[in-house]
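The values are calculated or read from the model by the stated rules, or taken from the named source; none is laboratory data. Only a predicted model underlies this, so the values are computations on that prediction, with no experimental measurement involved. Here the Cβ is made from the backbone with ideal geometry for all residues, glycine too, and neighbour counts use every protein chain on show.
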Amino acid sequence: MALYSEKVMDHFLHPRNVGKMEDADGVGEVGNAKCGDIMRMYIKVDPETQIITDVKFNTFGCGSAIATSSMATEMIKGKPIAQALELSNRAVVEALDGLPAQKIHCSVLAEQAVRTAIRDYFDRKGIPYGKELEDCGEGCGHCGD
């Protein structure tokens, strides 16, 4: 059995939405010093519809970190912010047809990067946010996981 699924390899070798966004409405950067993965996510939001119209990422890390970043951007692009906030690391793993257990932290970082970019957008626009973006102190951006 292969260590990585075909989808993981595809998103690693051909990542979607890579790059920097100079005029981003929200930027989220997360990292894990233990493994060395750093993710930066940029979002562009239509202020009237609250739909994420564009998303980019830069990731420094392993193949799984790149693949999860790529998949996360694909999963939130064109979606309303409320729906993007529902993105879970589990959903990213499932969309990639699985990850090795030792690489699940990469999907957590992808989820955190999305939530951090949305939090930054809310902060920049002075939009109050509820429990979905409160920090539980664990660095995950939300409680319950």
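Among the numbered criteria (1) crowded, with 21+ Cβ neighbours inside 10 Å; (2) under 22 Å from residue 104 (Cβ atoms), which single criterion is violated by residue 43?
Of everything listed in (1) crowded, with 21+ Cβ neighbours inside 10 Å; (2) under 22 Å from residue 104 (Cβ atoms), residue 43 misses just condition (2).
Going residue by residue through the range 64-71, is there one that turns out to be surrounded by fewer than 22 Cβ atoms within 10 Å (Cβ to Cβ) and touching an Asp or Glu at 6+ places or on another chain (Cβ under 8 Å)? Walk me through it before giving the result.
If we filter the range 64-71 for residues that are surrounded by fewer than 22 Cβ atoms within 10 Å (Cβ to Cβ), which is where we start, we get none.
No, because not a single residue in the range 64-71 is surrounded by fewer than 22 Cβ atoms within 10 Å (Cβ to Cβ) and touching an Asp or Glu at 6+ places or on another chain (Cβ under 8 Å).
Under 9 Å by Cβ, and 6 or more places apart or on different chains, what pairs join a residue from the range 61-75 that is at negative phi and without any contact (Cβ under 8 Å) to a residue 24 or more places away in the chain with one that is in a helix (DSSP H, G or I) and not acidic (Asp, Glu)?
Pairs that qualify, where the first residue is at negative phi and without any contact (Cβ under 8 Å) to a residue 24 or more places away in the chain and the partner is in a helix (DSSP H, G or I) and not acidic (Asp, Glu), are 75/84; 75/91; 75/92; 75/95; 75/114.
List the pairs whose first member sits in the range 94-114 and is on the phi > 0 side of the Ramachandran plot and surrounded by fewer than 14 Cβ atoms within 10 Å (Cβ to Cβ), whose second member is part of a helix (DSSP H, G or I) and modelled with pLDDT of 95 or more, and whose Cβ atoms are under 6 Å apart, counting only residues at least 6 apart or on separate chains?
As it stands, the answer is 97/7, since those pairs meet every condition given.
Got at least one residue in the range 13-33 being assigned to a helix (DSSP H, G or I) and at pLDDT 95 or above? Full working, then the answer.
First, pick out the residues of the range 13-33 that are assigned to a helix (DSSP H, G or I): 13.
Add one more test, that the residue is at pLDDT 95 or above, and what stays is 13.
Yes, some residue in the range 13-33 is assigned to a helix (DSSP H, G or I) and at pLDDT 95 or above.
Quick one: which of 90, 124 is under 22 Å from residue 8 (Cα atoms), at pLDDT 95 or above and surrounded by fewer than 23 Cβ atoms within 10 Å (Cβ to Cβ)? I'd like the intermediate steps shown before the answer.
Details: 124 fails: under 22 Å from residue 8 (Cα atoms).
Just one listed residue meets the conditions, 90.
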